[in-house]
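Chemist: Can you keep this structure in mind? I'll have questions shortly.
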Amino acid sequence: MKRLFAVAALLGLCIAISAQTRDIAPATLIKNATVLTVSHGTLTNTDVLLRNGKIAAVGQNLNAPSGARIVDGTGKFVLPGIIDAHSHTMMDGSVNECTKSVTSMARTQDILNPTAIGIYRELAGGTTAALLLHGSCNAIGGLSTTVKLKWGHPAGDFPIPGAPPGIKFALGENPKRTNFNIPGLTPRYPATRMGVEETIRDAFTRARDYKRDWDDYRAAVGHGEKNVMPPRRDLELEPLVEILEGKRFVHSHCYRADEILMLIGIADEFGFKVRTFQHVLEGYKVASEIARHGAMASAFADFWGYKMEAYDAIPYDVAILTRHGVVSSVNSDSDERARRLNIEAAKMIRYGGLTEEEALKLVTLNPAMQLGVDNRLGTIDVGKDADVVVWSAHPLSVYAHVEQTFVDGELLFDRQADIARRQQLEAERKTLEAADANKPSPGGGPPRTPSEIRRAYVHADDIQDREDQPR
Amino acid sequence: MKNYLRYFLSSLAGSYSTASGSARDQRKTVILRRAFIPLTTVRGSVTARLFASVMILISLSCTLVVFAQDTDRIDPQLTNTPLPTYVILNARIVTVNGPEIEKGSVLISGGKIAQVGANVYSPAGAKEIDGTGLTVYPGMIDLGTNMGLVEVPTGAPGTVDAQELGDMNPNAAAIWSVNAHSAHIAVTRVGGVTNALSLPSGGIISGQGALLNLFGSSPREMALVPEAVLMIEFPRIGGGGFGFGAPNITSEATTQRDRRIEELRKIFRDAEAYGRAQDAYRNDPKSVQRPQTDPKLAALVPYARGERPVIFRAEREREIRAAIRFAEEMKLKPIIIGASEGAKVASFLKEHNVPVILDGVLNLPLREDDAYDSLYENASKLQAAGVRFCISTGDSGAHVRDLPFNAGMAAAFGLPRAEALKAVTLYPAQILGVADRLGSIEPGKLANIVITDGDILEARTNVKYVFIGGRQLPLVSRHTMLNDEFKDRK
């Protein structure tokens, strides 16, 4: 009983703390800003009202509801929250389940760390939502999670309710483990792009049979047969059946043109659609084929040359795909780049001549479409989620920084508040450094070694998990 | 001969390529061929020149079709013809070290900037460039690259030449290994970066860096200063890592660091003594015994004497202080590269007048509890404290073209815009002691000039013209060629 009481007290404390830090303004009125709606052009001297987590009104001289927070948007720019269509942020422990070539039973939603500092840094760069993908070390990877970056909330608040489920596929050097042949590690099939094709084909062949078994079983039950045994559930094949039924999005990591065509071929044969080609560095070479298949594309702006299969990557990729009618986005695949996707989008004006509106779509509406959440994210329109960012200047300018970031109407990043808190944090750090545990040991030796920070992921394609790295 | 050459080329391609399609292999062959048979740079004996001409003829005749796709070969016309005279008219001119000229002209002659002003003399035969609506800037300079030393960092070790084995490699000089035909070079210059310091990396003394013009058919032809700096990875606790996670502060680690610093101290002292011994012998060869030649120490002498700058990699507060104290003790001419915690030691840097190359503007903060913008605003804090600094990408080569956006980010977080521009033009030139030749639009300086249709630091801006060494270069790179090849494919 005592223990229960302690737990209850702790819980109460937690709630108290979170309530204390949680922003509770019922409404926010951003006044007199330049609003980049993405859906219907640029509105100057315009107000945006956020209420009950939604964009309640967009217009001039709006009235503030009582108790509303007023944000002076004079000289500032309002853009929908940036959506990162390829992220591994807050994925604690590991991004890759590497031990098999098909790991569709592994779920990213189980490893979300809501305290990962990357979340806050990304909010400070205007990013409010992300597609969290399994890594690229196997042909069919784990299940993805579509999240809002709800800093300060428990992990369960991050996944966007109703967002279509997805899965990660990967082609090329990573699933064939080209750059990971480390002495002592057992090699894993496949070792060639041919083997990658075979791995995917084999998995879908099994999934098709598995689906038939279930279809037969359900039909039999439907006919009133009593003595039929259900097939044994297979957690690896279930998600693949969902793909065949069009209920789960395939987001496939790919680089070279040949492997892009390979996956299109398999998808056509088994009757499913690839939702997005991710990275898709040589997508520009087969843009027509991608368009005809009906897939979308999510690429780096100008990252290239870091390995052989990235040597033909060009920064004109996104523009060429866009001009061929492929809905494209620019992603980060990096906790670093996710803080400045606005600049990555701006580069696409330089490389390939996209318009400003097209460039803005690359990080807002287009990724929302790719994630299947464009009904609620990606533009400044009444009724959409109040995920909006106030910028100091036009967000396609290198001189712009984020002033405030709202997610579901809640103020989750505020530059002035951040700056105001720094002294307090510095003082807290000093206190901690002076604490007994951090003092030099009595023998005069150095202080105890702090434990290493867990870091599953640093940078794009940095998929070496701890066990991969030579010690 | 033909067959031999083909065999030679295909064997190179074979050792270089990984599993890839035939078209890719072809392109690689092209790159390698260019790397090994410089077209225009063989100087020296008549025989050598004759041999080179024959080789060029043979290679051209037998491989013309293959090279049709060649993406960044330097047209021999560009280097074999005399330097033209150009006049840029009616442009906005951002001189960087003087007032901006709202509407003016620049005369480029003999590889140099001849005149700048509202009205310049335009000699007959000068190529006129209409600068209406355009802005003239000095080319940008990145002091923290491995340009030409690393083509593909992962999976193609044959293309990686940045790090030699062993700890002390003062005689490893980038100038010997820069691949003048790296795709990175044209990709970088068409973005407006005209100069890069190419540095070796790794070990303790990594080697000597070369300051390059990003144009030329051979490393020597590209070099403004072939042996410009000495690169030192200043020993630190837990060194060799990537700066992530907590360093392992054990007494062994501390001892090891101290031992490495001691080794560094010793080799500089040896070099200094070696230099004196050589001088003594030179001055009095009759009575002084001839000292043994030691290439390692010989390479170090000008640095040990403080005649040329030494770049120390140091990120954290204590490492920066230690590196500077070490440099002063050894009477070196230090530059700090990295300086992620530079803002915390700004007054120390100022006091000791040590310049800093900030190559981590876009890195993640060092510590989890660092302010989210600690590296974005590092430059503005150093600038406010009066520290000499410049901004670099710190990239090995492929992404050096992003230099302006690194400076732009610093400007988004407090660095005045004019300072951000200087941080990638004039300041790097000053820090390396080449401001007499680079870094601003001034008569007498090398004509490394970029003309844009807007603010050069903005990602939205397009580069319209690039001049290096007074020569207008085509805005062609591996990337533009691939774009041209595929953009209209149905």
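The values are calculated or read from the model by the stated rules, or taken from the named source; none is laboratory data. Remember, it's a predicted structure, so these values are computed and weren't measured experimentally. All Cβ positions, even for glycine, are placed from backbone atoms using ideal geometry, and neighbour counts span all protein chains on display.
Chemist: Do we have residue B:348 as closer than 30 Å to residue B:378 by Cβ, surrounded by fewer than 23 Cβ atoms within 10 Å (Cβ to Cβ) and hydrophobic (A, V, I, L, M, F, W, C) here?
Modeler: Spelling it out, residue B:348 is indeed closer than 30 Å to residue B:378 by Cβ, surrounded by fewer than 23 Cβ atoms within 10 Å (Cβ to Cβ) and hydrophobic (A, V, I, L, M, F, W, C).
Chemist: Let me ask you something else. In the list A:245, A:282, which residue meets the criterion of being out of contact with any Pro (no Cβ under 7 Å at 6 or more places or on another chain) and within 12 Å of chain B (Cβ to nearest Cβ)?
Modeler: A:282
Chemist: Mind listing whichever residues of the stretch A:203-233 are assigned to a helix (DSSP H, G or I), touching a residue at least 12 places away in the same chain (Cβ under 8 Å) and more than 26 Å from residue A:369 (Cβ to Cβ)?
Modeler: If the condition is that a residue be assigned to a helix (DSSP H, G or I), touching a residue at least 12 places away in the same chain (Cβ under 8 Å) and more than 26 Å from residue A:369 (Cβ to Cβ), then A:203, A:206, A:207, A:208, A:210, A:211, A:213, A:214, A:217 are the ones that fit.
Chemist: Mind telling me which of the residues B:154, B:145 ends up being β-branched (Val, Ile, Thr), within 22 Å of the chain's Cα centre (by Cα) and crowded, with 21+ Cβ neighbours inside 10 Å?
Modeler: After applying the criteria, what remains is B:145.
Chemist: Okay, next question. Residue by residue through the stretch A:36-60, note down the ones that are more than 16 Å from residue A:73 (Cβ to Cβ) and among the hydroxyl-bearing types (Ser, Thr, Tyr).
Modeler: Within the stretch A:36-60, A:39 is the sole residue that qualifies.
Quick grid of which residues meet (1) in the same structural domain as residue B:424 (by TED's automatic domain parsing); (2) part of a loop (DSSP other than H, G, I, E, B); (3) in contact with a Phe, Trp or Tyr (Cβ under 9 Å, 6 or more places away or on another chain); (4) at pLDDT below 95:
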| site | (1), (2), (3), (4) |
| --- | --- |
| B:144 | yes, no, no, no |
| B:170 | yes, yes, yes, no |
| B:197 | yes, no, no, no |
| B:206 | yes, no, no, no |
| B:217 | yes, yes, no, yes |
| B:224 | yes, no, no, no |
| B:228 | yes, no, no, no |
| B:231 | yes, no, yes, no |
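Chemist: Which of (1) in contact with a strand residue (DSSP E or B) (Cβ under 6 Å, 6 or more places away or on another chain); (2) within 14 Å of another protein chain (Cβ to nearest Cβ); (3) under 23 Å from residue A:300 (Cα atoms) is the odd one out, the single condition residue B:379 does not satisfy?
Modeler: If we test residue B:379 against (1) in contact with a strand residue (DSSP E or B) (Cβ under 6 Å, 6 or more places away or on another chain); (2) within 14 Å of another protein chain (Cβ to nearest Cβ); (3) under 23 Å from residue A:300 (Cα atoms), just (3) comes out false.
Chemist: Test residue B:117 against the stated conditions and say whether it is under 30 Å from residue B:426 (Cβ atoms), modelled with pLDDT of 90 or more, not assigned by TED's automatic domain parsing to the domain that holds residue B:180 and not aliphatic (A, V, I, L, M).
Modeler: yes
Chemist: Quick one: which strands (runs of 3 or more DSSP E) sit completely within the stretch B:303-364 and have at least 1 residues that are in contact (Cβ under 8 Å) with a residue 12 or more places away in the chain and either among the basic types (Lys, Arg) or not assigned by TED's automatic domain parsing to the domain that holds residue B:433 (or both)?
Modeler: B:309-314, B:333-338
Chemist: I've got another one for you. Out of all the residues in the stretch A:268-276, is one or more closer than 24 Å to residue A:241 by Cα, part of a strand (DSSP E or B), away from chain B (no Cβ under 14 Å) and among the polar types (S, T, N, Q)?
Modeler: yes
Chemist: Going by the conditions given, is residue A:132 among the hydrophobic types (A, V, I, L, M, F, W, C), surrounded by 24 or more Cβ atoms within 10 Å (Cβ to Cβ) and closer than 18 Å to residue A:334 by Cβ?
Modeler: The answer is yes for residue A:132.
Chemist: Let me ask something additional. Can you tell me which residues in the stretch A:164-191 are surrounded by fewer than 16 Cβ atoms within 10 Å (Cβ to Cβ) and among the aromatic types (Phe, Trp, Tyr)?
Modeler: Scanning the stretch A:164-191 gives a single hit, A:189.
Chemist: Follow-up. Here are some residues: A:259, A:197, A:236. Which one is in contact (Cβ under 8 Å) with a residue 24 or more places away in the chain, farther than 30 Å from residue A:311 by Cα and in the same structural domain as residue A:179 (by TED's automatic domain parsing)?
Modeler: From the options A:259, A:197, A:236, the qualifying one is A:236.
Chemist: In addition: Taking residue B:444 as the residue in question, decide whether it is in the same structural domain as residue B:306 (by TED's automatic domain parsing) and more than 15 Å from residue B:185 (Cα to Cα).
Modeler: So residue B:444 does not fit the description; no.
Chemist: I would also like to ask the following. Tell me which residues, restricted to the stretch A:113-141, are touching a Pro at 6+ places or on another chain (Cβ under 8 Å) and within 14 Å of chain B (Cβ to nearest Cβ).
Modeler: Passing the criteria: A:121, A:126, A:136.
Chemist: Considering only residues that are touching a residue at least 12 places away in the same chain (Cβ under 8 Å) and charged (D, E, K, R), which ones fall in the stretch B:365-376?
Modeler: Listed by number, the list holds a single entry, B:373.
Chemist: Residue B:191: within 14 Å of chain A (Cβ to nearest Cβ) and not in a helix (DSSP H, G or I), yes or no?
Modeler: When the stated conditions are applied, residue B:191 passes them.
Chemist: So, in the stretch A:171-197, exactly how many residues are in contact with a Gly (Cβ under 8 Å, 6 or more places away or on another chain), over 17 Å from residue A:257 (Cα atoms) and more than 10 Å from chain B (Cβ to nearest Cβ)?
Modeler: 1
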